[in-house]
Amino acid sequence: MTHYGKIKSYDSAKGAGMITPDKGGDALAFNKSDLQQQAQEPKADQRYGYETKQVDGGKAHAINLQMEQGSGDSSAKQQG
């Protein structure tokens, strides 16, 4: 199931970051290897879709992160 959230932080030196779920709750950790477009560095407040998996004794971790198409782009809104 795909969830959505906004990037809270990303440390390019560590290749790791946090994403805050839209539905609320604790921010989830993710690694650069979890990004679908690894060449594109996530920035704070960008909206991403993601899936979760349980790691480290049941703690949720964000995987398969993909930038939402049209995120922050007014041309994505259709008139009419």
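If amide hydrogens are placed 1.01 Å from N in the peptide plane, which non-local residues have theirs closer than 5 Å to the one on Ala27?
none
Tell me which label goes with the value of Cα extents along the principal axes in Å computed from the coordinates here: [x] 37, 18, 18; [y] 50, 27, 17; [z] 36, 33, 17.
Recomputing Cα extents along the principal axes in Å here picks out [y].
Out of the range 5-37, which trypsin sites (Lys or Arg not before Pro) are coil in DSSP terms and have no more than 12 other C-beta atoms within 10 Å?
Working: sites: Lys6, Lys8, Lys14, Lys23, Lys32; in loops: Lys14, Lys23.
Qualifying residues, ordered by number: Lys14, Lys23.
Starting with the fewest neighbours, write out Ile63, Ile19 ranked by other beta-carbon atoms found within 10 Å of each beta-carbon.
In order of increasing Cβ crowding within 10 Å: Ile63, Ile19.
Relative contact order for the chain: what is it in percent, counting Cα pairs under 8 Å that are at least 6 residues apart? Intermediate results must be reported in sequence, preceding the final value.
Numbers: 147 pairs, mean separation 22.3, N = 80.
Relative contact order of the chain: 28 percent.
Less than 30 Å apart at the alpha-carbon level, and either on another chain or at least 8 residues along: which lysines does that give for Lys14?
Within reach: Lys6, Lys23, Lys32, Lys43, Lys53, Lys59.
Computed from the coordinates by the stated procedures, all read-outs in this text should not be read as laboratory data. Fair warning: this is a prediction, and the values are worked out from it, not measured in the lab. Don't worry about glycine lacking a Cβ; one is built from the backbone with ideal geometry, like all the others, and counts go over all protein chains shown.
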